[in-house]
Amino acid sequence: MLDIIAVFLCITAVLAFLNRRYVGLPSAIGVMGIALCLSLLNMASDALGFHALHTLEQSLVESIDFSELLMQGMLSLLLFAGALHVNLSELRAYQWQITSLAVIGTSVSTLFIGFGLWALLSLTDLELPLSYCLVFGALISPTDPIAVMGILKSAGAPKSVELVISGESLFNDGVSVVLFSLILAMIASGEAPSVSEAAQLLLKEAGGGALLGAIVGFIIYRMLKSIDSYQEEVLITLAAVLGGYALATHLHVSGPLAMVVMGLVVGNQGRSYAMSDQTEKNLDMFWELIDEILNAVLFVLIGLEVVLIQFSTPLITTGLMVILLTLLSRLLTVGVPIGVMGQRVRLPKGSWSVLTWGGLRGGISVALALSLPPGEARDLVVSLTYLVVVFSILIQGMSIGILVKRVIPCGKG
């Protein structure tokens with residue numbers, strides 16, 4: 001395992017250097033784009049008869065359990081680091097917009113994409129049961145906080161728009177995981193859960209995760225307040241994140257929501273009442289470094305994962321249709337409501353288009369797809385998920401800054 005970690009860190013460091021020195025794209029987009037291009041060149045050389053490098057890359061990527069690595073390892077650190085810098089008082093000003101987008105928008109999008117994919121597949125040679133179409137809808141509907149927050153930093157979006165889309169992305173993955181679990185339970189049992197069973201699961205997963213995050217966050221806040229030594233305080237937050245996520249897993253509550261709530265508590269209460277200036281500076285520096293390094297590793301892994309996809313003409317055609325379907329779903333569940341409500345949502349004119357195009361999908365969707373039971377249905381869901389994620393990060397991520405400058409007047413929001 002140490003050898004594998006060392007190899008991927010070395011690859012990430014080299015690609016990050018190449019991006020910063022020669023390419024100049026935002027870090028997440030740049031390292032993923034370079035990794036993807038190298039992987040595609042490797043696949044082309046394999047088709048021409050040069051198999052050694054392709055075999056090496058494939059064995060290297062297959063040695064990593066992407067789902068386990070992200071969902072049980074990196075995700076806790078990345079979500080806490082993202083929530084740590086969110087101003088809760090500013091977020092509270094847009095609580096209804098964020099709640100409706102995270103809960104209602106994600107739920108409606110799951111159904112729209114699920115049934116839409118089922119209808120689209122009837123026009124192709126590919127087959128997928130309706131239940132797995134709904135699984136795909138659940139895992140592809142949420143925007144990825146890791147992708148969104150990293151790319152929005154360099155996009156120049158107005159503060160209000162950034163708050164809404166970042167807040168939505170921090171919470172909607174918890175809703176998505178609950179829907180994902182419900183549909184998988186339905187597949188396993190062969191029958192749909194009742195409304196009461198679904199409500200109980202939602203309360204346990206989401207409510208339990210938020211409660212656990214608040215309790216652990218308050219304990220950490222009290223510990224930080226009682227001492228003034230940044231070395232121990234940084235260590236306490238790191239232990240709380242890893243330990244809190246492990247505890248959430250054992251209690252079968254939402255670890256992602258627990259990390260978000262804990263990050264909000266420590267980042268707001270802790271920053272205001274428990275940290276000296278030196279502690280705040282060192283704590284922020286530590287978690288920013290963790291965020292940047294793990295983000296780079298994550299997007300390199302996504303770029304390299306392309307060697308595991310079995311491309312075909314029907315898959316590429318279907319993938320293009322699904323990309324349009326996910327964009328249409330985002331428009332109908334987010335863009336249209338924001339556009340219709342206008343100034344009542346207190347966002348600058350033109351925000352609906354930024355919120356629609358800025359709904360980036362990322363590693364969480366890929367990890368959920370890879371966690372499905374092995375089989376043909378899983379292979380198709382993984383392939384379609386990968387195509388949507390790559391389009392989202394490379395095309396939408398690279399163009400969101402241009403869109404912001406064009407549709408939102410300078411200085412608004």
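Overview of values
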| quantity | calculated |
| --- | --- |
| Count of residues meeting criterion [surrounded by 13 or more Cβ atoms within 10 Å (Cβ to Cβ) and either aliphatic (A, V, I, L, M) or touching a residue at least 60 places away in the same chain (Cβ under 8 Å) (or both)] in the stretch 41-64 | 9 |
| Restricting the stretch 244-263 to residues that are among the small types (Gly, Ala, Ser) and touching a residue at least 24 places away in the same chain (Cβ under 8 Å), the residue that is farthest from LEU79 (Cα to Cα) | ALA248 |
| Odd one out for CYS133 among (1) out of contact with any Phe, Trp or Tyr (no Cβ under 6 Å at 6 or more places or on another chain); (2) part of a helix (DSSP H, G or I) | (1) |
| Boolean, LEU77 is more than 20 Å from GLY362 (Cα to Cα), surrounded by fewer than 20 Cβ atoms within 10 Å (Cβ to Cβ) and aliphatic (A, V, I, L, M) | no |
| Any chance ASP277 is surrounded by 15 or more Cβ atoms within 10 Å (Cβ to Cβ) and either over 15 Å from PHE218 (Cα atoms) or touching a residue at least 24 places away in the same chain (Cβ under 8 Å) (or both) | no |
| Failed item in (1) modelled with pLDDT under 90; (2) part of a helix (DSSP H, G or I); (3) closer than 30 Å to LEU184 by Cβ, with GLY342 passing the rest | (3) |
| Meets criteria (among the charged types (D, E, K, R), in contact with a Leu (Cβ under 7 Å, 6 or more places away or on another chain) and not in a helix (DSSP H, G or I)) for GLU127 | yes |
| Test: residue in the stretch 79-87 that is of a type in the set (Phe, Trp, Tyr) and touching a Ser or Thr at 6+ places or on another chain (Cβ under 6 Å) | no |
| Among residues of the stretch 302-323, those that are more than 19 Å from the chain's Cα centre (by Cα) and either in a helix (DSSP H, G or I) or over 15 Å from SER365 (Cβ atoms) (or both), counted | 14 |
| Candidates SER371, SER392 - the one that is closer than 19 Å to ASP173 by Cβ and surrounded by fewer than 20 Cβ atoms within 10 Å (Cβ to Cβ) | SER371 |
| Within the stretch 350-386, tally of residues that are outside any helix (DSSP H, G or I) and under 21 Å from LEU298 (Cβ atoms) | 7 |
| Odd one out for LEU403, checked against (1) among the aliphatic types (A, V, I, L, M); (2) in contact (Cβ under 8 Å) with a residue 60 or more places away in the chain; (3) assigned to a helix (DSSP H, G or I) | (2) |
| Of all residues in the stretch 245-274 being of a type outside the set (Val, Ile, Thr) and within 30 Å of LEU60 (Cβ to Cβ), the one that is surrounded by the most Cβ atoms within 10 Å (Cβ to Cβ) | MET259 |
| Which listed residue, of SER109, SER122, SER89, is in contact (Cβ under 8 Å) with a residue 40 or more places away in the chain and within 23 Å of VAL382 (Cα to Cα) | SER109 |
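Table: residues versus (1) over 26 Å from LEU79 (Cα atoms); (2) out of contact with any helix residue (DSSP H, G or I) (no Cβ under 6 Å at 6 or more places or on another chain).
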residue: THR106; (1), (2): no, no
residue: LEU117; (1), (2): yes, no
residue: ASP125; (1), (2): yes, no
residue: PRO129; (1), (2): yes, yes
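Residue-wise test of (1) β-branched (Val, Ile, Thr); (2) at pLDDT 75 or above; (3) touching a strand residue (DSSP E or B) at 6+ places or on another chain (Cβ under 6 Å).
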| position | (1), (2), (3) |
| --- | --- |
| PRO158 | no, yes, no |
| ILE165 | yes, yes, no |
| LEU170 | no, yes, no |
| VAL175 | yes, yes, no |
| VAL178 | yes, yes, no |
| SER194 | no, no, no |
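Every residue, every condition in (1) modelled with pLDDT under 85; (2) farther than 22 Å from ALA248 by Cβ; (3) of a type in the set (A, V, I, L, M); (4) assigned to a helix (DSSP H, G or I), yes or no:
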| site | (1), (2), (3), (4) |
| --- | --- |
| SER39 | no, yes, no, yes |
| ALA44 | no, yes, yes, yes |
| LEU70 | yes, no, yes, yes |
| ALA83 | no, no, yes, yes |
| VAL86 | yes, no, yes, no |
| SER100 | no, yes, no, yes |
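The values are calculated or read from the model by the stated rules, or taken from the named source; none is laboratory data. Please read these numbers as outputs of a predicted model, since none were measured by experiment. Here Cβ is always computed from backbone atoms with ideal geometry, including for glycine, and neighbour counts include all displayed protein chains.
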